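Report on one structure; see the data block that follows.
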Amino acid sequence: MAGNVNPTVRRRRLGQELRRLREERAMTAEEVAERLLVSQSKISRLENGRRSISPRDVRDLCGVYEVADQKLVESLMQMARESRQQGWWHAFAELSPTYSVYIGLETDASSLRVYEPQMVPGLFQTPDYATALIAGALPEIGQDEVNSRVQVRLRRQQRVWDERNPLRLWAVVDEAALRRVVGGAATMLEQIHRLTECSRLPNVTLQVLPFSAGAHPAVNGQYSILEFPEASDSTVIYLEGGTSDLYLEKPHDVQYYSVMYEHLRAQALSPEATRGLLDALARDYRQALG
């Protein structure tokens with residue numbers, strides 16, 4: 001394992017290896033759970049990397065799978081120890097454990113494709129826009145938590161601007177997200193300027209899906225496609241929910257959402273036409289300010 005691999009990705013790789021061992025034994029997760037006197041959901045969470053894996057978990061699972069290679073067992077237990085280290089985002093894990101999982105994956109991703117129907121993607125948001133958006137979306141939380149969430153969002157954006165290891169980002173944003181006034185006209189004007197600036201980065205492709213596109217393949221909502229530098233790491237589809245998130249890795253799911261994204265890109269404005277629309281929106285917001 002490379003030393004710079006983040007803990008979330010370590011857990012995911014370890015979970016994939018444990019799943020492989022189970023499948024080699026032709027055992028179901030339910031059968032393993034019965035042998036270890038744990039819940040089936042625990043086995044599933046261990047295998048999909050959504051739960052911290054202890055060396056003892058690894059030892060017990062390898063015992064059930066009758067793994068004779070002690071060097072492999074020790075290697076997997078070491079992976080488990082490394083996976084329990086904490087990335088920078090764990091300081092904010094109390095805000096949302098599921099969000100923490102996503103940030104860990106995003107931090108290690110080499111490329112990200114995202115479709116946003118209702119808001120400017122978080123990796124492009126200005127501090128004022130993010131503050132107004134979070135406060136409006138989560139009216140029950142206090143200002144301190146709003147500020148913490150904004151800081152996490154701004155920290156995530158460093159990958160977009162990192163000259164040594166930039167995130168390859170392709171974003172399709174619905175026109176509705178740009179016309180929805182979040183925080184007032186001044187906030188929106190600043191946000192439109194930020195989008196224009198980001199759209200000129202060599203690692204960013206930004207397209208707007210105009211109202212004129214009509215019905216399209218992603219009318220059901222937001223999703224993201226994360227790809228990783230290691231060929232052994234499967235692509236992940238991330239679907240954000242109100243109370244829980246969904247991560248899809250099965251090949252047919254990845255294929256479905258990837259094809260759908262190609263259709264979105266084809267129906268969206270070109271990057272050049274997108275900047276033209278952003279210029280027009282900036283004029284509208286300036287006019288609204290008088």
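The values are calculated or read from the model by the stated rules, or taken from the named source; none is laboratory data. Because the structure is predicted, anything quoted here is derived from the model rather than measured. Because the Cβ atoms are built from the backbone with ideal geometry, glycine has one as well, and the counts that use them run over all protein chains shown. The accessibility values were calculated without ligands, DNA or RNA, using every heavy atom of the protein model including side chains. Shrake-Rupley method; radii C 1.70, N 1.55, O 1.52, S 1.80 Å.
So that you can scan it fast, the table gives a plain yes or no per residue for (1) buried (at least 18 other Cβ atoms within 10 Å of the Cβ); (2) at pLDDT 90 or above; (3) of a type in the set (D, E, K, R):
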position: Thr28; (1), (2), (3): no, yes, no
position: Glu31; (1), (2), (3): no, yes, yes
position: Leu37; (1), (2), (3): no, no, no
position: Gln40; (1), (2), (3): no, no, no
position: Ile43; (1), (2), (3): yes, no, no
position: Ser54; (1), (2), (3): no, no, no
position: Asp57; (1), (2), (3): yes, no, yes
position: Cys62; (1), (2), (3): yes, yes, no
position: Glu66; (1), (2), (3): no, yes, yes
For this session: Report yes if some residue within region 224-240 is touching a residue at least 24 places away in the same chain (Cβ under 8 Å), of a type in the set (Phe, Trp, Tyr) and assigned to a loop (DSSP other than H, G, I, E, B); otherwise report no.
Result: yes
Exercise. What is the residue count in region 254-264 for residues that are crowded, with 16+ Cβ neighbours inside 10 Å and not aromatic (Phe, Trp, Tyr)?
Worked result: 3
Seminar exercise, completed: Residue count, region 203-233, condition at pLDDT below 85 and open to solvent by 40 Å² or more (accessible area, probe 1.4 Å), comes to 7
Exercise. Out of all the residues in region 180-190, which are closer than 13 Å to Glu116 by Cβ and surrounded by fewer than 18 Cβ atoms within 10 Å (Cβ to Cβ)?
Worked result: Arg180
Exercise. Right, Asn147: open to solvent by 30 Å² or more (accessible area, probe 1.4 Å), out of contact with any Gly (no Cβ under 9 Å at 6 or more places or on another chain) and not in a helix (DSSP H, G or I) or not?
Worked result: no
Exercise. Which members of region 265-275 meet the condition of being surrounded by 13 or more Cβ atoms within 10 Å (Cβ to Cβ) and not in a loop (DSSP other than H, G, I, E, B)?
Worked result: Arg265, Gln267, Pro271, Ala273, Thr274, Arg275
Exercise. Could we say that Asp162 is under 18 Å from the mean Cα position of the chain (by Cα) and loosely packed, with under 12 Cβ neighbours inside 10 Å here?
Worked result: yes
For this session: Find the residue count for region 88-133, including only residues that are out of contact with any strand residue (DSSP E or B) (no Cβ under 8 Å at 6 or more places or on another chain), modelled with pLDDT under 95 and in a helix (DSSP H, G or I).
Result: 16
